[in-house]
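Structure first, then comments.
The values are calculated or read from the model by the stated rules, or taken from the named source; none is laboratory data. These numbers come from a predicted model, not from an experiment. Virtual Cβ from ideal backbone geometry, glycine too; neighbours counted across all protein chains shown. When the accessible area is computed, the model is the full protein with side chains, heavy atoms only, and any ligands, DNA or RNA have been set aside. Shrake-Rupley method; radii C 1.70, N 1.55, O 1.52, S 1.80 Å.
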Amino acid sequence: MKNVKSTSNNLFNSRLTSIISISLVIFLIGLTTTLVLFAGDLSVAVRENITLSVVLNEDAKASDVQKLQKKIDAEEYTKSTEYIDKERAISELTEELGHDPTEFLGYNPLLASLELKLVSEYANNDSISKIEKALRRLPEVREVIYQKNLVQAVNDNVQRISVVLLALSVLLLIVSYALISNTVRLSIYAKRFLIHTMKLVGATGRFIRRPFLAQGMLMGLLSSFIAMGMLSLSMFWAQSEVGNMLSTEFIDSILISFAVMIIAGLLITFVSTYISVSRYLRLSLDSMYYI
């Protein structure tokens, strides 16, 4: 009776340890997936905050400016436009400089402009150069101003971060598979003689694998839900610390991460269980004593 109870406790502890180990690994997969997706959303937001200042001619009529703004708004590269009149422009410059330039100049040197924000796909120097040339040909436009070096720096940094995150994701996936595979292999190792016994009584490989695969996938699914709970708590903690994180796009990224975690949990445990059981099916009884 005591031996049965001890065996049951050992089996429970083994499964609990396996579930905790797999949950931690899947949590890391989910966290990395969320960071990759969030980095993508963040790169789009950064690119779409790059602003082109379309400076207007001083003699441009209000009606012509309105038509021009509607024309630019209709372009596929436009995310948004905002009209900045001369008074607002000098007010913003005064706030930035700390003094009013008109006090010693005697007049307002600034011109009205349209502040143009681009769709992220067009926020690169090649596309902006073409847009600039098209805008300069318009009669109401005097010049187009933007920070070329800033645009290049933003795109270079976004590409660099994307490559680093992609490399980390691939590395984590390999490490995750190795860790989960070892955990599953250890779980099945204790039942290697049971597998041999089932084989001796005539059970087919498919019949022997079935309960192990079902148990492995159940363990993977349970671990995925635990890991999803851990990720949710982490995101709510980050929300309380940073704030303004849980936008619709960010929630979508978390939901995609949940799907990846469930698929990873089921797929990796299935493959690991299948390989481990198949290995013991091929071994002889004597070989099992030496592994």
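Once the Cα atoms are used to define both axes, helix 2-47 deviates from the longest principal axis of the chain by about 20 degrees. Shape class for the range 30-117: oblate, because the ratio a/c of the largest to smallest gyration tensor axis (alpha-carbon atoms, square roots of eigenvalues) is 1.5 or more and b/c is at least a/b. The calculated FRET efficiency for the pair Val170 and Thr204, based on their C-beta separation and a Förster distance of 35 Å, comes to about 0.40.
Against the main long axis of the alpha-carbon atoms of the chain, helix 205-242 sits at an angle near 40°. Computed on protein heavy atoms with a 1.4 Å probe, the accessible areas place Glu103, Glu121 in the order Glu103, Glu121, largest first. A 1.4 Å probe over all protein chains sorts Ile161, Ile84 by accessible area into Ile161, Ile84, starting with the largest.
Just the number, please: carbon plus sulfur as a percent of the accessible area of the range 32-169, 1.4 Å probe, no ligands or DNA/RNA counted. Roughly 52 percent, rounded to a whole number. Given the choices (i) 21.4; (ii) 24.4; (iii) 20.1, Kirkwood radius over Cα pairs in Å derived from the coordinates of this structure is entry (ii). Of the trypsin sites (Lys or Arg not before Pro) in the range 14-69, the ones in a loop by DSSP (not H, G, I, E or B) with at most 11 other beta carbons within 10 Å are Lys61.
Under 1.5 on a/c is rounded, so check that first for the range 164-263, then, if it is not, pick prolate when a/b is larger than b/c and oblate when it is not; a ≥ b ≥ c are the square roots of the alpha carbon gyration tensor eigenvalues. Since a/c reaches 1.5 and a/b is larger than b/c, the shape of the range 164-263 is classed as prolate. When the surface is traced with a 1.4 Å probe over the full set of protein chains, Glu58 keeps roughly 130 Å² accessible.
Between the helical axis of 148-189 and the dominant principal axis of the chain, each derived from Cα atoms, what acute angle in degrees is found, rounded to the nearest 10? For 148-189 against the chain, the angle is about 10 degrees. Think of it as helices only: each DSSP H run of n ≥ 4 in the chain is worth -39500 (n - 2.57), and spread over all residues that comes to -25500 deg cm²/dmol at 222 nm. Residues whose amide H falls under 5 Å from that of Leu56, counting only those 5 or more places apart or on a different chain, are Ala112, Ser113, Leu114, Arg142, with hydrogens built in the peptide plane.
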